[in-house]
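The values are calculated or read from the model by the stated rules, or taken from the named source; none is laboratory data. No experiment lies behind these values; they were computed from the predicted model shown. Cβ sites come from the backbone with ideal geometry, for glycine too, and all protein chains shown count toward neighbours. Note: areas computed on protein heavy atoms with side chains; ligands, DNA, RNA excluded. Shrake-Rupley method; radii C 1.70, N 1.55, O 1.52, S 1.80 Å.
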Amino acid sequence: MNKIKIGLLVIGLVGSVVWEATPYELIKKAEMIRLKAAEVGFEWSTTSTLIAEAKQAAKDGNYELAEKLAAEAIKQAENSLKQAEFAAVNWQDSEPK
Amino acid sequence: MKNTINLIALIISLIILAACSDNSAPVSSAKSKFAEKAKPVVAKEQINYQQKVDQDIRRFRSFFSNKFPNSDLGEFKDGVYAIDPATREQWLEIEEFPPYELAIDEGIEFFETPFTNGKSYADCFENKGESVRQNYPYFDIKSSQVITLELAINQCRESNGEKPLEYGQGELVAISSYMANSSRGLVFDIKVPNEMAYKAYMNGKQFFYSKRGQLNFSCADCHLKIAGSSLRADRLSPAIGHPTGMPVYRSAWGELGSIGHRYRECNKNIRAKPLAYQSEAYRNLEYYQTLMSNGLVVNGPSSRK
């Protein structure tokens, strides 16, 4: 029984560490993509706000929220890069002929 | 069996022979086809970049003249008030006691105050800084970049040992407003002197037509395609003439602001992260916009809602 308890404790500790790492990894990924969008001048103003909110949520221990916000930040940062790629190829379509 | 092998060998030989025949097509016919497709290479010095831009200007003007047939070309300097008679009346009343007058007076004072080394702004600009607004922005061949009036003012300060002023609003814009006011009525005639200038122009043009921000708008979406339409309580101004009235006193700001300040605000509105004041992208955009407004007169500073 003691062994079972120790085993469960170990699983819980390891699980909590793994659970904590996930939002931080997502935040890091969001930040990387945000920087790429910034380099090409297409960063959205919403992305950095979401990243800041995700960081705060993680700091407060609300990892579920942090993960959700970071995931949304990744999505927006990726969309801003797609926007940059689209604009580079298609901007002249809007020019009056 | 032997006959079959011989037959197979013969067929293979014929196939190989046929393949070799295709590769030995007459060189002269291949050359002449290439000659037809090849276009003469024009030396870069021979390309008239100004002419290319002038074609763009004509197309741009034509678009707005067709969209707003009741407005003369010269009237577009007044922005949205060129296309909206009702608000134009209210604006003309405001212009009788313009809200930017105090800023011009402050601008004169700042302009005439000598630097610590005894020199002043007048020493940095041709014609002592008067009647020069219509020459900005210009493409500086030496530094290979677009120089706006605000950038030139700060370059003047730094070359005389002074700290640069903040862009966007405040003292620098007051100086810019004085210089604009001294140039009222003079015609914008911005040049595209070489290939690098043309690249800067194209960079600005690309910015103008590129959608950005979470709301996915380009400058062209609001100020070209749907110019004249209502956006909440405002009408969207046509892009032609945007720079002529700068710097602008916007009621929403309660003070004067530069065109760069307006760019940043517009970018914020569409949820794009604004770029830094006087970034290369914004200077190139101002270069493009001012070129599209060539032929219009300086009427800055001005007031807008």
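Here are a few things to note about the model shown:
- Taking all Cα pairs closer than 8 Å and separated by 6 or more residues, the relative contact order of chain B comes to 24 percent.
- Applying 0.36 nm per residue to the separation of B:K199 and B:E75 and subtracting their alpha-carbon distance, the gain on full extension is 41.7 nm.
- Heavy-atom SASA rank of B:I141, B:I147, B:I47 (probe 1.4 Å, accessible area, largest first): B:I141, B:I47, B:I147
- Shielding by other protein chains, B:215-221, mean Cβ within 10 Å: 2
- Relative contact order (%) - segment A:18-89, alpha-carbon pairs under 8 angstrom, separation at least six: 43 percent
- Computed [θ] at 222 nm, deg cm²/dmol, chain B (DSSP H ≥ 4; -39,500 (n - 2.57); rounded to nearest 500): -14500 deg cm²/dmol
- Maximal additional length on extending the B:E109-B:N216 stretch stands at 34.2 nm, based on 0.36 nm per residue less the C-alpha distance.
- FRET E, pair B:E130, B:E89, Förster distance 30 Å, beta-carbon r, rounded to 0.05: 0.40
- Paired Rg and Dmax values of segment A:18-89, which use every Cα atom, in angstrom: 12.5, 43
- On Cα atoms only, tilt of B:2-23 relative to the major axis of chain B in degrees: 30 degrees
- Linear extension gain, A:E85 paired with A:V40, 0.36 nm per residue minus alpha-carbon span: 15.2 nm
- Amide hydrogen proximity for A:W44: with H placed 1.01 Å from N in the peptide plane, the residues at 5 or more positions away or on another chain lying under 5 Å are B:K273.
- A straight line joining the Cα centroids of segment B:227-305 and segment A:42-97 runs 26 Å.
- Karplus-derived 3J(HN,Hα), 6.51/-1.76/1.60, for each residue of segment B:229-234, Hz, glycine and proline x: 6, 8, 10, 6, 8, 10
- Each residue, B:Q155 and B:L186, gets one label point 7 Å from its Cα in the Cβ direction; the gap between the two is 1.7 nm.
- Taking amide hydrogens as placed 1.01 Å from N in the peptide plane, the amide H of B:G257 sits under 5 Å from those of B:V248, B:Y249, B:R250, each at least 5 positions away in sequence or on another chain.
- A/B buried area, accessible surface, summed, 1.4 Å probe, Å²: 1700 Å²
- Kirkwood hydrodynamic radius of chain B, Cα pairs, Å: 22.3 Å
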